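Enquirer: Sharing a structure, written as structure tokens. Questions coming.
FYI, it's all coordinate maths here, none of it is from the lab. In this text, all values refer to a predicted model and were calculated from it rather than measured experimentally. Virtual Cβ from ideal backbone geometry, glycine too; neighbours counted across all protein chains shown.
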Amino acid sequence: MTKIDILLSVRSLSISYDSIKAVDDISFEVARGEIVTLIGANGAGKSSILRAVSGLIPYTGSIAYAGKDLMNIAADQIVAAGIAHVPEGRGIFGNLTVLENLKLACWQRRDKAKIAADLEHVFELFPRLRERTKQLGGMLSGGEQQMLAVGRALMTDTPMLLLDEPSMGLSPVLVREIFKIIQEINQAGKTILLVEQNANMSLHIAHQGYVLETGRIVLSGAGKELTGSPRVKEAYLGG
Amino acid sequence: MAYIFQQALNALQLGSIYALIALGYTMVYGILTMINFAHGDLFMVGAFFCFIIAVYLHLSFIPTLLLSMMGVAFLGVVIERFAYKPLRNAPRVSAIITALGVGLFLENFTLALSPYPKHIPPLLTNVTWTVGSLSLSSLQMIVIVLSLCLMLILDFIVRHTKAGMAMRAISWDKTVVPLMGVSVNKIISLTFAIGTGLGGAAGVMYGLAYPVIDPYMGIMVGWKAFICAVVGGIGNIRGAMIGGFILGGVEIMVAAFLPSTYRDFVAFTLLLILLIVRPYGILGKPHPQKV
């Protein structure tokens, strides 16, 4: 039996807002080099899980990255540990130019040559960003902002990316484009934890999928296996 | 004509001091959306640091200015860390009341140490050049040029350095900044250091121009500088500078042509009218809706 290299390990994770439990005793793992997706309806607790991994909100249970416990690590140091997070709603700095948005993500990096190469790589993935380097982030369309958000996460040069609903608010054509790029990024070596409401698309590209329903995992399995599962549909309909 | 030019120089001098103080208000508001009402009193502390360093350490002008700036900057960072940081997620009004309390503390602490007004010794020999009917004072020139230099440096930092980029990012959306690997606490500390340091510099220069200082000197000047920041568009750095020069100009011109008791009344009336016409200030924009 080959040993699987686990990059992110979440054990008995619970998250509460005031007295309401948003996430209830969840455990899952992300193997190095894989795309793992958490799917579920609005309010299932998906975003909360990513926010906990990034150190943005308090939680109970344990989250370990590459064997290192992340419990008391500040959010900015989690980037240094190796995790980049594309937040819900993209989180573009509207008062900064596209180039400044990308450069800010290099805050902890000192490798100038590699930064320039990575910037070139981002512009190859998203040619539209190259045309708009001097424009303010707030002037971009939704799709362009999503590209910038993913580009920014790539500029942190971390092995792992957390993507929170990259398809939100995008046209079907753009959704397909973004998912194609997520696959490309993964094939280039990044480990990806993808949170989505768009179950079909994300299960299609994921190696492993978890279905969430009101803060609990109700179903898990290889991405392809889950695609046709009636249980997935039920999770969305609250069945 | 010479009279007007003379008054314009006076306006530049007063305006640059207002502008330096207004920058502190606007920078803190930009990143924390809170008004640091202790800022005027930090300006006063800057003048007292200048007095202490000049009288007891016998240092010359430049080291006095730098040490005073550093002292006030340090005090600003400490105040943020212990008085404001615990309230960062509290309602803004709590933070603002705390700031008023910190201001009162600074005034009364200084008053306890120094119940009588102090006189700052002349750190610079003031040379007056006479050109025609115009008299140029070296002191006035130094205040104007130094203030402008400090403002240019600040503008450069905010627009063209990584730290400035992080400050602007925080002013847009504080919650996403840590995801870029940036420590929000460090940038907030840096912003307080720079903002209060400029206030300290203004205190030193004010002390040079008007050498009698007392613990309450920061109140009125602080309020005026705050109004400058609002008129320029609170949160906007260049706006604060413009606001400072506008108020300096209006005050000097009113005093030059009307009885000087009209000064504050006319100045504030004009500023109120300006705010009615442009409620967000000269360079301010209505806060964008984030989607």
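Enquirer: Any idea what the dipole of chain A comes to, in debye rounded to 20, about its Cα centre with Lys/Arg Cβ at +1 and Asp/Glu Cβ at -1? Mind showing how you got there, number by number?
Expert: Working: 25 positive and 25 negative charges, 70 e Å.
Charge dipole, chain A, about its Cα centre: 340 debye, nearest 20.
Enquirer: Sum -39500 (n - 2.57) across every DSSP H segment of at least 4 residues in chain B, then divide by the residue count to get the 222 nm mean residue ellipticity, nearest 500.
Expert: Helix contribution divided over all residues of chain B: -23500 deg cm²/dmol.
Enquirer: With a sphere of radius 15 Å drawn around the Cβ of A:N42, what net charge do the other residues whose Cβ falls strictly inside it have (Lys, Arg +1; Asp, Glu -1)?
Expert: Spelling it out: positives minus negatives among the neighbours equals -4.
Enquirer: Restricting to chain A, what percent of DSSP beta bridges are antiparallel, rounded to 5? Please list the in-between numbers first.
Expert: Working: 22 of 41 bridges.
Beta bridges within chain A, antiparallel portion: roughly 55 percent.
Enquirer: Sticking with this one: Tabulate in residue order the Karplus-calculated ³J(HN,Hα) for segment A:152-162, using 6.51 cos²θ - 1.76 cosθ + 1.60 with θ = phi - 60°, rounded to whole Hz; enter x for Gly and Pro.
Expert: 5, 4, 5, 5, 6, 6, 9, x, 10, 10, 9
Enquirer: Given B:K174/B:K285; A:K180/A:K224; B:K186/B:K224; A:K21/B:K186; B:K162/B:K285, which pairs have Cα atoms separated by over 21 Å?
Expert: B:K186/B:K224; A:K21/B:K186; B:K162/B:K285
Enquirer: Follow-up question, since we're still on this one. For segment A:128-189 and segment B:198-264, write down the distance between their C-alpha centroids in whole Å.
Expert: Each part's Cα centre sits 47 Å from the other's.
Enquirer: Compute the Rg/Rh shape ratio of segment B:2-277: radius of gyration over Kirkwood radius, all on alpha-carbon atoms.
Expert: On the way: Rg = 18.5 Å, Rh = 19.0 Å.
Radius of gyration relative to Kirkwood radius: 0.97.
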